[in-house]
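Okay, so here's the structure we're looking at.
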């Protein structure tokens, strides 16, 4: 079997253009991967186009050979394009043998994984608005939810902003009760001093973690904050190399990390990072803010990874046409996702439907613009 073509399909999801990688073979098998970026679409599409000739003609089942060739050809640089190609090759290998990807990785250690909801906070930026939406999430069966309450703040919170954020977090805690996990996302925005101050009063609301309070590829800053706050500090979604995670874990200041498989090189690299975490008595909560295809990728990884803490999921809060574009993905039931049993990744892309939702130049969340947390986006 040989790869005959690699191409991308962009789907204009309103707050983040999805980038799908399609790997075609001379035996008619097609694999699907994802290379979605947060604030970059066209550069990633160009990456795919630029490197595809390095993989065309190779056997897609030789996944490590292809990955390492791309890694060395790119001068030891991990890209989303590489990750998407790697995922698509795993999809082909699973389909060729009629088994899920996790079977190829040694078989599953769990039948389901607990997930937390993200993308749910689309109401008014008021305590009442946040509380109402949070209660709706819990009423559907979720036992954990994440949100960024910090609005447009950067580096520090003013006194008024602090009171506003405290009222939002407090309203959510009161709405969901004491048993639900509340995960607070900061999106890398604060100084070390501000992060320490915020992390200390967040403890009053019994939050499960404080995510990326400072620039999350600045490991010394992360360690300083984690040492001086009583709540768990997690990070990892901006890290790309194994040594980045090793450095953070070696400080022994956290017991959970959240790698992003698209940044780290795909499925197998994610499993290696989970092994690093296990060596430091830590668990993993894979970052997942892309399409349902990426959720299914995460499930393949979670299936074979013993030290999973929880899994992120946006899928209940996507556009109603998502199921027309992607078929086969699993839905959250009572706060859990079951492990898939379909061959490969278990998802198919309908390109005719995808074309109905083209790339949009404004399909991005501008994190420091008013309304971003409600998924308000400009017109294309």
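The values are calculated or read from the model by the stated rules, or taken from the named source; none is laboratory data. Computed from a prediction, not measured in an experiment: that's the story for all the values here. Counting neighbours? That spans all protein chains shown, and the Cβs are built from the backbone with ideal geometry, glycine included.
Key figures for this structure:
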{"quantity": "From 330, 337, 299, 293, residue being under 17 Å from the mean Cα position of the chain (by Cα) and in a strand (DSSP E or B)", "calculated": "337"}
{"quantity": "Only listed residue being part of a loop (DSSP other than H, G, I, E, B) and in contact with a helix residue (DSSP H, G or I) (Cβ under 7 Å, 6 or more places away or on another chain), chosen from 346, 360", "calculated": "346"}
{"quantity": "Qualifying positions in region 261-289 - assigned to a loop (DSSP other than H, G, I, E, B), out of contact with any helix residue (DSSP H, G or I) (no Cβ under 7 Å at 6 or more places or on another chain) and under 17 Å from residue 307 (Cβ atoms)", "calculated": "281, 285, 287"}
{"quantity": "Test result for residue 68, out of contact with any helix residue (DSSP H, G or I) (no Cβ under 8 Å at 6 or more places or on another chain) and buried (at least 24 other Cβ atoms within 10 Å of the Cβ)", "calculated": "no"}
{"quantity": "Condition check for residue 67: modelled with pLDDT of 95 or more, under 27 Å from residue 46 (Cβ atoms) and either out of contact with any strand residue (DSSP E or B) (no Cβ under 9 Å at 6 or more places or on another chain) or not in a helix (DSSP H, G or I) (or both)", "calculated": "yes"}
{"quantity": "The one condition in (1) over 29 Å from residue 331 (Cβ atoms); (2) within 21 Å of the chain's Cα centre (by Cα) that residue 134 fails to fulfil", "calculated": "(1)"}
{"quantity": "Among the residues listed as 153, 175, 171, the single one being buried (at least 19 other Cβ atoms within 10 Å of the Cβ), closer than 20 Å to residue 215 by Cβ and touching a helix residue (DSSP H, G or I) at 6+ places or on another chain (Cβ under 7 Å)", "calculated": "153"}
{"quantity": "Out of 62, 13, sole residue that is out of contact with any strand residue (DSSP E or B) (no Cβ under 8 Å at 6 or more places or on another chain) and free of Cβ contacts under 8 Å to residues at least 60 places away in the same chain", "calculated": "62"}
{"quantity": "The lone exception for residue 141 - which of (1) assigned by TED's automatic domain parsing to the domain that holds residue 299; (2) surrounded by fewer than 21 Cβ atoms within 10 Å (Cβ to Cβ); (3) in contact with a helix residue (DSSP H, G or I) (Cβ under 9 Å, 6 or more places away or on another chain) it fails", "calculated": "(3)"}
{"quantity": "Count of region 121-132 residues which are out of contact with any strand residue (DSSP E or B) (no Cβ under 7 Å at 6 or more places or on another chain) and surrounded by 19 or more Cβ atoms within 10 Å (Cβ to Cβ)", "calculated": "2"}
